[in-house]
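*Asks:* Provided herewith is a single structure, encoded as structure tokens, for subsequent inquiry.
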Amino acid sequence: MCLGVPMQVKTIANEMAVCEIDGVRRDASLMMIDDVEVGDYVLIHAGFAIEKIDEEEARLTLQALRDALDMGLVPE
Amino acid sequence: MKHQDEYRDPELARLQLQAIGEAVAGFDRSMTLMEVCGTHTMAIYQHGIRSLLPEKIRLISGPGCPVCVTPVGYVDQAIALARLPDTIIATFGDMVRVPGSSTSLLDEQARGANVKIVYSPLDAVTLAENNPASNVVFLGVGFETTTPTIAGAILTAEKKKLQNFYVLCSHKTMPAPMAALAGDPELKVDGYLCPAHVSAIIGANAYQPLVDAFRVPCVITGFEPLDVLQGVLMLARQVVAGKAKVETQYRRVVKPEGNRKAQKLLSRVFESCDAQWRGIGNIPDSGLRLCEPYSRFDAGRALPVELEPTVEHDGCLCGEILKGKVQPVDCPLFRNTCTPEDPVGACMVSSEGTCAAEYKYGDWGMGAGG
């Protein structure tokens, strides 16, 4: 039930955003988050954006795993 | 989503599995790790993760499916409300097939009750707006991921001055049941994979009291296969090293303090209360009810109904399955009288129930059941 779908914000008006993933568009309330901009990735749950997705953290987690693969080690 | 596919990279998964194997190689006993989120349950089954892990790691499912932990009495109350004249029940899809004591909402719908499946609580508010002659009752089931969306719907209904929108509340909170199970000597949980999106709201710091009280490691983990494997690795390393701390694997979404705006929304509309959990019983301060200024939206108060005596179904082991004490294949009803088409217990109904996951992805007791 706590499924969240990562979607990209396309337009914002009156605390509502139109978000998109793979060509599917959905309206989502922005009542639960601040400072959202067009182009941001957000997690959508039950018609609400519940949190922004930190792209830099997403990249860093993967990078740490890849670096470990390159060195034959796994990060602590 | 830019990075989504990369979190399914088979080569990185192979490396993670190797690291998990190395982490537990010198460990002299097996360890029990519990995932406490229905979405984790589904991800673990879907990607066959149990069968890939070393034998020393026993991965079990806990009380993380909101529909599954909802007591039968609540379903009976929803059914009684559905039988009232000029009443529309609005609900997330999973609830309609959950058996009550003698019938389900789906059965009631076939007999003429007006039951609508909605995608968002805001859709239920729109239903109320478009049907001023009917009462609309939204079935408020879910953890902290979902409850702020219901708070948002109530504030929207208030703003629109709707007099015909109600919520039947059975909201539950984390990590209360994790504390209840951590103290269970029969279970001996060595570590928790903590729910991803609940934690986005409540924050990583919310698990610190649990860790302090029970010295049980907690790792907040995302839902992609690499997330789950990394979460297991982080937990296994803590268990082997005898450590107990809160760690966050799912850093791209979860912050230490959580989502403060959502927390404010929650505490404006709801207050803490004791709650009944199927299988576990009453847990103090593990639920949320409407606070006084919003109590007029409470369907339980505004629309009194007479309830039939609660009947739990003979032989159904949902309660034990929700505590991680038995596996679906241990239940005599599993696959015999209890199937997704004709479910007896909630764990077989919900798309993220353990029995539904085992039915869909398991090989039924041939070694991958956990």
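*Asks:* Return the residues of the stretch B:86-108 that are of a type outside the set (A, V, I, L, M), out of contact with any Ser or Thr (no Cβ under 9 Å at 6 or more places or on another chain) and either in a strand (DSSP E or B) or without any contact (Cβ under 8 Å) to a residue 24 or more places away in the chain (or both); say none if nothing qualifies.
*Replies:* Correct list: B:Thr91, B:Asp107.
*Asks:* Whether any residue in the stretch B:16-25 is within 14 Å of another protein chain (Cβ to nearest Cβ), part of a loop (DSSP other than H, G, I, E, B) and without any contact (Cβ under 8 Å) to a residue 40 or more places away in the chain is what I want to check.
*Replies:* yes
*Asks:* Tell me, which residue of the stretch B:5-16 that is under 30 Å from the mean Cα position of the chain (by Cα) and crowded, with 17+ Cβ neighbours inside 10 Å is nearest to B:Asp227 (Cα to Cα)?
*Replies:* Among them, the one singled out is B:Tyr7.
*Asks:* Every residue in the stretch B:17-38 that is buried (at least 22 other Cβ atoms within 10 Å of the Cβ) and under 26 Å from A:Arg59 (Cβ atoms), please.
*Replies:* B:Ile20, B:Ala23, B:Glu35, B:Cys37
*Asks:* Please list, ordered by residue number, the strands (runs of 3 or more DSSP E) wholly in the stretch B:143-253 having 2 or more residues that are in contact with a Gly (Cβ under 9 Å, 6 or more places away or on another chain).
*Replies:* B:165-172, B:191-194, B:218-220
*Asks:* Among the numbered criteria (1) within 14 Å of another protein chain (Cβ to nearest Cβ); (2) part of a strand (DSSP E or B), which single criterion is violated by B:Val137?
*Replies:* (1)
*Asks:* Scan B:Ala244, B:Ala196, B:Ala206 and give me the residue that is of a type in the set (A, V, I, L, M), within 14 Å of chain A (Cβ to nearest Cβ) and out of contact with any His (no Cβ under 6 Å at 6 or more places or on another chain). Spell out the reasoning first.
*Replies:* On the way: B:Ala244 fails: within 14 Å of chain A (Cβ to nearest Cβ); B:Ala206 fails: within 14 Å of chain A (Cβ to nearest Cβ).
Going through B:Ala244, B:Ala196, B:Ala206 in turn, the sole match is B:Ala196.
*Asks:* Being free of Cβ contacts under 8 Å to residues at least 24 places away in the same chain and outside any loop (DSSP other than H, G, I, E, B) is the filter here, so list the residues in the stretch B:285-319 that pass it.
*Replies:* Answer for the stretch B:285-319, where residues must be free of Cβ contacts under 8 Å to residues at least 24 places away in the same chain and outside any loop (DSSP other than H, G, I, E, B): B:Glu292, B:Pro293, B:Ser295, B:Arg296, B:Arg301.
*Asks:* Among the residues that make up the stretch B:240-252, is at least one of them closer than 23 Å to B:Phe27 by Cβ and touching a residue at least 60 places away in the same chain (Cβ under 8 Å)?
*Replies:* Yes, because at least one residue in the stretch B:240-252 is closer than 23 Å to B:Phe27 by Cβ and touching a residue at least 60 places away in the same chain (Cβ under 8 Å).
*Asks:* Something else now. Has the stretch B:270-277 got at least one residue that is assigned to a helix (DSSP H, G or I) and more than 17 Å from the chain's Cα centre (by Cα)?
*Replies:* Step one: list which residues in the stretch B:270-277 are assigned to a helix (DSSP H, G or I), which gives none.
Within the stretch B:270-277, not a single residue is assigned to a helix (DSSP H, G or I) and more than 17 Å from the chain's Cα centre (by Cα).
*Asks:* Of all residues in the stretch B:97-122, how many are within 14 Å of another protein chain (Cβ to nearest Cβ), surrounded by 17 or more Cβ atoms within 10 Å (Cβ to Cβ) and aliphatic (A, V, I, L, M)?
*Replies:* Residues that pass the stated criteria total 3.
*Asks:* Take the residues in the stretch B:26-52 that are under 21 Å from B:Lys323 (Cβ atoms), out of contact with any Pro (no Cβ under 8 Å at 6 or more places or on another chain) and not in a helix (DSSP H, G or I); name whichever of them is nearest to the other protein chains (Cβ to nearest Cβ).
*Replies:* Ranking the candidates gives B:Glu35 first.
We did not get these values from a lab; they are worked out from the coordinates using the rules stated. What you are looking at is a predicted structure, and each value in this text was computed from that prediction instead of being measured. Here Cβ is always computed from backbone atoms with ideal geometry, including for glycine, and neighbour counts include all displayed protein chains.
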